[in-house]
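Before any comments, here is the structure.
Values quoted throughout were computed directly from the atomic coordinates according to the rules given, and no laboratory measurement underlies them. The shown structure was predicted, so the numbers you read here are calculated from the model rather than taken from an experiment. Positions of Cβ are backbone-derived with ideal geometry, glycine not excepted, and every protein chain shown enters the neighbour counts.
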Amino acid sequence: MLSPWHIGATLWRHRELAWQFTLREIHLRHKGSQLGIVWALINPLSMLALYWFVFGVIFGQTYGVLQNESQIDFALALFLSLSLYHVFSETLGWAPSLIASNPNFVKKVVFPLEVLPVAKIGDTAFHLVVSLTLILLGSLFGSTGLSASVLWLPVLVLPLMMLALGIAWALAAVGVFLRDIGQATAFVSTAVMFASAVPYPTTRIINSPWPILWEILRFNPLLQLIDLARRVLLWHEPMSWLTLGYVYAVALAVLLAGHLCFALFRRSFAEVI
């Protein structure tokens with residue numbers, strides 16, 4: 001019977017294998033480069049510099065929550081938004097071809113294929129931790145500084161990982177049969193970034209000339225999670241339990257649906273590959 005406890009028990013049973021594959025993925029990402037793991041710092045900072053220059057300097061964008069919002073405040077909120085969104089965009093990038101690109105594991109009857117997406121999510125989580133550490137350090141120079149609200153960080157990151165893993169399982173399974181799905185993920189990833197209010201405040205959507213946009217996009221769990229993370233972690237606003245509950249409910253539903261999809265399709269992986 002499919003349930004969170006069944007998924008948890010499966011992952012716990014293969015925890016050692018998942019851990020080894022996660023370390024392998026972290027190593028392979030930077031294998032052969034001169035700077036190695038230092039790229040885990042360079043890449044997010046380069047991404048921040050680009051988006052900050054475009055949206056903060058050229059367009060003069062602000063999130064409009066803090067009074068006298070400084071460039072540092074805007075950069076921190078933008079960096080947090082991009083870091084959380086990057087988990088989703090990375091998943092869209094590698095998930096569709098994950099199983100198809102590992103035929104040797106598919107042909108091993110006893111190998112738990114569900115571990116492969118878990119390891120990739122583990123690699124993504126490692127780089128997210130690096131980015132979040134930089135954000136916390138940068139918060140010391142922001143207008144609001146650090147507070148006890150930082151304790152909400154794992155509570156906000158957990159549903160993001162659940163959401164990413166559920167999507168990864170589903171796309172990895174479907175990608176075996178529909179190889180073209182990987183060609184569409186670049187556009188979908190970009191669309192999701194703007195639909196999740198990453199480089200701008202959600203008020204831009206709420207107050208847009210087309211009210212239907214907010215009526216649709218407000219159900220986007222990534223938008224709600226990113227906005228909630230900015231408000232709680234950086235701007236020290238009270239936690240919205242209703243929003244948090246909604247995000248967890250959707251994340252759990254996606255996790256269960258993704259695992260079910262993977263379990264149903266994996267029976268035919270060997271035949272197709």
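Of note:
- Spread of Cα-to-Cα distances over 5 Å intervals beginning at zero, given as percent, for the chain: 1, 5, 11, 16, 18, 16, 13, 9, 6, 3, 1, 0, 0
- Shape call, segment 127-264: gyration tensor on alpha carbons, a/c limit 1.5: prolate
- Rounded to the nearest 20 debye, dipole of the chain from Cβ charges on Lys, Arg, Asp, Glu: 660 debye
- Helical contribution to [θ] at 222 nm, DSSP H n ≥ 4, -39,500 (n - 2.57), averaged over the chain, rounded to 500: -21000 deg cm²/dmol
- Positive-end residue of Asn68, Pro159, Ala257, charge dipole of the chain with Cβ unit charges: Ala257
- Contact order relative to length of the chain, as percent, for alpha carbon pairs under 8 angstrom and 6 or more apart: 27 percent
- The string of couplings for segment 221-234 from the Karplus curve (6.51, -1.76, 1.60, θ = phi - 60°) is x, 5, 4, 5, 5, 5, 5, 5, 5, 4, 5, 7, 7, 9 Hz, one whole number per residue in order, with x for Gly and Pro.
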